[in-house]
Amino acid sequence: MPHDTCGFERVMMYWIPISAAPTAYERFARLAERTWRYGKLWLIWVVIWHPVAGRGAEAGAAACWGDNTYGQAQVPAGLTNVVMVAGGGSHSLALKRDGKVVAWGWNLYGQTNVPASLSSVAAIAAGGGHNLALGSNGIVTAWGYNIEKQATVPSGLSGVKAIAGGKNHSLALKSNGTVTGWGYNYYGQTIAPAGLSGVAAIAAGANHSVALRSNGTVVAWGANFYNQTNVPAGLGNVVAIASGAYHVLALRSDGTTVGWGHNNYGQTNVPPGLSQVVAVAAGMYHSLAFKADGTVVGWGSNSDGQTTVPAGLSGTSGLGAGGMHSLAIARPGAMAGAAPRIDSVSRIGQNLVIRFHTIAGQQYSMECSSTFSPGSWSPLPGGTIPGTGLNTLVTDTNALSRWSSRFYRIRRVL
């Protein structure tokens, strides 16, 4: 550790996804996640490593609500240190910080029987009755319902950086930006459009598939009974996507959300004025968003209370949706002391986005360094950041194209 970290009480290390496999140093570094504070100076060490969807979130406890017919909304007792959640048709998944997966709910097809040997998992996805797990080595494991071979991973598939599960099909995004699909293909949902490349994220609906390209545009294919694959003309600047059974959500860089497709329950009618959204999720007939202030908003079908967010749920750091139920990661309480609470560091294209909670009445400056050495710090564009008591997003533009490692500090301005 550099000499000027001496005296820091606690240290937090965040890791950001890139396509290359982690080096030995980075594998060591990611084991050392802690939080540090030195006087009024708070720092984030950003270590760039293997792709991990959602692992930038701060660990917490899983929260579930909605349909509980099969226990899918009943979180197992003692489940903590959750960094990612996913919902299937009537079952739920949680990924823990130690790389282990926990599953609960309907188990007719063995979808909650997590393989005993499964470990070092970096991301999870749930389909109608099957599950996918992405290992830190870029290899995919699948289990559960397999009548359409949706849980039979193609031989030789490797270098995967993201996964998605539909009703009876599966998708994998490779590090070269191409998409591989398998399982039920009656509507062509497993065959990516010819020439599709530069993909940054994927999502799967009941019988359709969606891809977000690195240029902020969206491509969709497969079943189109409800116009779910008819991407709105001119849609751009998209940073995240989610798919329900027959509808699609797109989160734009300005924090607004766009929806299209099946709308019998109002699931594509984004609430008027909804802004500052940082993540979206979609269930069968409902939609979810969590905002920069950590609150969750739901709309669409509420037949089982799936859009009725539990009272007091705030400080959310992750989101998921199942058939008729919803999931979130409830972040643990703020750290003691008058200092900002770091929530996440995430990647959007080549940019790094730091989300932190500010203290009302205080002023902050976000500074960065590529070496951590004294005198190397410079402020990010935007100037002084006023504290509001809410979450604040700060973007380091093109950071991943310019640096192999990056250090940040949030300094309270006196």
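Bear in mind that the values in this text are calculations on the coordinates, not laboratory data. Please read all numbers here as calculations on a predicted model, not as lab measurements. We place every Cβ from the backbone using ideal geometry, glycine too, and count neighbours over all the protein chains shown.
Odds and ends about this structure:
- Residues S376 and N263, FRET efficiency given R0 of 45 Å [Cβ-Cβ distance, rounded to 0.05]: 0.30
- Here the Kirkwood formula puts the hydrodynamic radius of the range 208-286 at 12.4 Å, using every distinct Cα pair.
- Cα gyration tensor, the range 61-330 - rounded (a/c under 1.5), prolate or oblate: rounded
- For the range 190-231 and the range 101-174, distance of Cα centres in Å: 20 Å
- Directionally averaged projected area (convex hull, Cα atoms, the range 114-192), nm²: 4.8 nm²
- Computed P(r) (all Cα pairs; the range 184-224; 5 Å bins; percent): 6, 26, 33, 21, 11, 2
- Pairwise FRET efficiency - N302 versus S155, Cβ, R0 = 35 Å, nearest 0.05: 0.20
- Pairwise Cα inverse-distance average, inverted: Kirkwood Rh of the range 72-166 (Å): 13.1 Å
- What the Cβ-Cβ distance of A116 and T384 gives, at R0 = 45 Å and to the nearest 0.05, is a FRET efficiency of 0.30.
- Close amide H partners of A122, meaning residues 5 or more places away or on another chain with modelled amide H under 5 Å apart, are L134, G135, S136.
- Cα gyration tensor shape of the range 207-339, rounded if a/c is under 1.5, else prolate or oblate by comparing a/b with b/c: oblate
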